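Since the structure comes first, as structure tokens, the remarks are kept for the end.
Every number in this text was worked out from the coordinates using simple rules, so none of it is lab data. What you are looking at is a predicted structure, and each value in this text was computed from that prediction instead of being measured. So basically every Cβ, Gly included, is an ideal-geometry build from the backbone, and we count neighbours across all protein chains shown.
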Amino acid sequence: MTAAPRSAAMTGPRPMRVLMVLTYYYPHWTGLTAYARRIAEGLARRGHSVTVLASRHDPALPREEMREGVRVVRVPVLFRLSRGVVMPGFPAALWRLMREADVVQIHTPLLEAPLVTFFGRLLRRPVVFTHHGDLVMPAGAFNRIIEKIVTALMTGALEMATRITVHSGDYGRNSRFLSPFLYKLDAIYPPSDLPAPERDAVAAWRRQLGMENRPIVGFAGRWVEEKGFDYLLQAIPRVREKLPSAHFVYAGEPNIQYEDFFRTCAPFLEPVRGDVTMLGLITDPARLANFYALCDVFVVSSRTDCFPSTQVEAVLSGTPLVTTDIPGAREVVQVTRMGLLVPPRDPAGLAKGILEVLANRERYVRPPSEIHGIFDMEKSVGEYESLLERLANGMVAAPPPAA
């Protein structure tokens with residue numbers, strides 16, 4: 001791997017050779033992959049040589065390519081194991097690429113995390129363990145076994161990791177998985193970026209949906225158990241009872257390959273199907289910004305969530321939140337004051353929060369400049385760059401644990 005030319009934006013002594021390891025990379029679409037891609041491309045723009053090692057989750061994808069200045073190496077998948085994949089060629093590819101790297105960043109949950117940190121010890125390469133949320137599997141005995149095994153493996157990886165990053169100190173302190181390792185934990189807000197909504201396009205979209213004068217409640221994300229969409233569906237009749245004109249819109253794919261929680265939600269969805277519009281997965285940044293601006297309030301109903309990217313995207317687009325009061329997820333409401341926290345696993349509480357924000361929306365909206373001052377793409381990339389540079393230069397003793 002050859003180091004890229006140095007750019008004027010760089011502050012370190014030399015360009016780094018960064019290896020980033022995760023299960024799924026672009027064009028796979030989750031908050032985790034979006035964050036990883038922004039960090040990788042942001043570091044590449046700053047003149048660093050960045051390689052991503054990930055699964056070839058779609059056989060149609062090339063085994064190796066350059067994307068926005070980032071070298072992407074994909075390992076063929078033998079078979080899937082719940083949400084993960086089994087890749088027999090992964091150890092050899094990892095060893096080869098780690099030998100070329102100055103510093104390694106892994107994005108978890110990652111089945112191979114212990115192997116990465118073990119190779120880091122053998123090769124004397126610092127490894128940053130970037131944690132996107134404790135593994136929470138759907139119901140079922142098999143999934144419980146997988147959850148325990150993977151959690152045990154990742155705990156071993158945490159012990160061997162040089163540093164750990166998480167999206168908020170609140171989540172780190174309240175995670176049974178992370179709390180024993182607070183002495184090497186750094187809290188860095190994830191890089192988030194969306195263009196400003198196009199107000200004319202938003203108005204046209206409302207007309208197309210026939211909702212020019214109706215309150216719109218949005219929700220989005222993977223349709224999986226931890227997102228708590230079953231509670232939100234149960235809240236809809238309570239909202240409609242008090243505000244019959246309210247309508248709900250969902251952005252995302254209900255059916256995904258590794259969990260069919262959508263089917264579990266069918267008894268709650270069927271009675272309110274006429275009150276919910278499914279918009280499908282939205283990946284275009286401009287249309288995504290318009291989706292959030294389309295909504296009068298955006299809801300996060302999660303049982304557990306580290307730092308939902310949808311929340312940051314919503315407030316960047318000017319839309320207030322109703323979020324369950326759980327570690328990590330509550331951070332955005334707390335630091336922006338753009339929304340309301342409600343009890344988790346409580347449809348009545350969700351409905352009450354939605355109605356409150358809709359009735360007093362102006363109370364929960366802040367100027368865009370204020371929100372961009374908190375969640376700034378280049379600031380986040382810069383913090384990751386600074387941490388990686390310190391480790392690549394042998395400065396393992398990093399700042400004190402996250403407050």
*Taking H as built 1.01 Å from N, whose amide H comes closer than 5 Å to the amide H of Arg56, not counting residues under 5 places away?*
Val75, Val77
*Compute the semi-axes of the equivalent ellipsoid of the chain, taking the square root of 5 times each eigenvalue of the Cα gyration tensor, and list them largest first in whole Å.*
36, 23, 20
*Hey, can you grab everything whose amide H is under 5 Å from the amide H of Asp186? Only 5+ residues off in sequence or another chain; H modelled, so Pro and N-termini drop out.*
Ile164, Thr165, Val166
_Below 8 Å, C-alpha to C-alpha, sequence gap of six or more: please give me the relative contact order for the stretch 6-100 in percent._
24
*Which number gives the lysine pairs in the chain that have C-alpha atoms under 25 Å apart and are eight or more places apart or on different chains?*
6
_Label point distance in nm, Gln334-Leu209, each placed 7 Å from Cα along Cα→Cβ_ = 3.1
*asked:* Test of understanding: in a Gaussian network model of the chain with alpha carbons linked when under 10 Å, which of Leu350, Leu153, Leu53 would top the mean-square fluctuation ranking?
replied: Leu153
*For Cys306, Cys295, Cys265, what ranking results if the residue with the fewest other Cβ atoms within 10 Å of its Cβ goes first?*
Cys265, Cys295, Cys306
*For the modelled label position 7 Å from the Cα of Glu100 along Cα-to-Cβ, which residues of the stretch 52-80 have backbone nitrogen atoms closer than 12 Å?*
52-53, 64-66, 71-74
_Using θ = phi - 60° and Karplus 6.51 cos²θ - 1.76 cosθ + 1.60, couplings along the stretch 27-42 (whole Hz; Gly, Pro as x)_ = x, 4, 10, 8, x, 4, 5, 5, 4, 4, 5, 5, 5, 4, 5, x
_Quick check: the angle from helix 229-242's long axis to the longest principal axis of the chain, C-alpha only, nearest 10 degrees?_
20
*DSSP beta bridges in the chain [antiparallel fraction, %, rounded to 5]*: 15
*Work out Dmax and Rg for the stretch 199-374 from the C-alpha atoms and quote the Rg first, both in angstrom.*
14.9, 43
*Where labels lie 7 Å past Cα in the beta-carbon direction, separation of Glu378 and Glu241 in nm*: 5.1
*Read phi for every residue in the stretch 14-24 and hand back ³J(HN,Hα) as whole Hz from Karplus 6.51 cos²θ - 1.76 cosθ + 1.60, θ = phi - 60°, with x for Gly and Pro.*
6, x, 9, 9, 9, 10, 10, 10, 7, 6, 10
_Out of all Cα-Cα pairs in the stretch 16-126, roughly what percent, to the nearest whole number, are more than 19 Å apart?_
39
*On Cα atoms only, tilt of 285-294 relative to the major axis of the chain in degrees*: 30
*Dipole magnitude of the chain about its Cα centre (Cβ charges: Lys, Arg +1; Asp, Glu -1), debye to nearest 20*: 700
_Mean-square fluctuation check for the chain, GNM, Cα pairs under 10 Å: which of Ala203, Ala220, Ala187 is largest?_
Ala203
_Tell me the mean residue ellipticity at 222 nm calculated for the chain from its helices only (DSSP H runs of n ≥ 4, each -39500 (n - 2.57), averaged over every residue, nearest 500)._
-11500 deg cm²/dmol
*For the stretch 316-325, just list the computed ³J(HN,Hα) in residue order, Karplus coefficients 6.51, -1.76 and 1.60, θ = phi - 60°, integers in Hz, with x standing in for Gly and Pro.*
5, 8, x, 9, x, 10, 10, 10, 5, 7
_Least to most buried among Val85, Val52 (fewest other Cβ within 10 Å first)_ = Val85, Val52
*Which percent, nearest 5, of DSSP beta bridges in the stretch 199-374 are antiparallel?*
5
*asked:* Among Ser301, Gly349, Thr277, which residue has its Cα furthest toward the positive end of the charge dipole of the stretch 256-402, with +1 on Lys/Arg Cβ and -1 on Asp/Glu Cβ?
replied: Gly349
*Using +1 on the beta carbon of Lys and Arg, -1 on that of Asp and Glu, and nothing else charged, what's the dipole of the stretch 199-374 about the Cα centre, debye to 20?*
440
_Cα centroid separation - the stretch 288-355 against the stretch 162-208, whole Å_ = 12
*In whole percent, what relative contact order does the chain give with Cα contacts below 8 Å and a gap of six or more residues?*
15
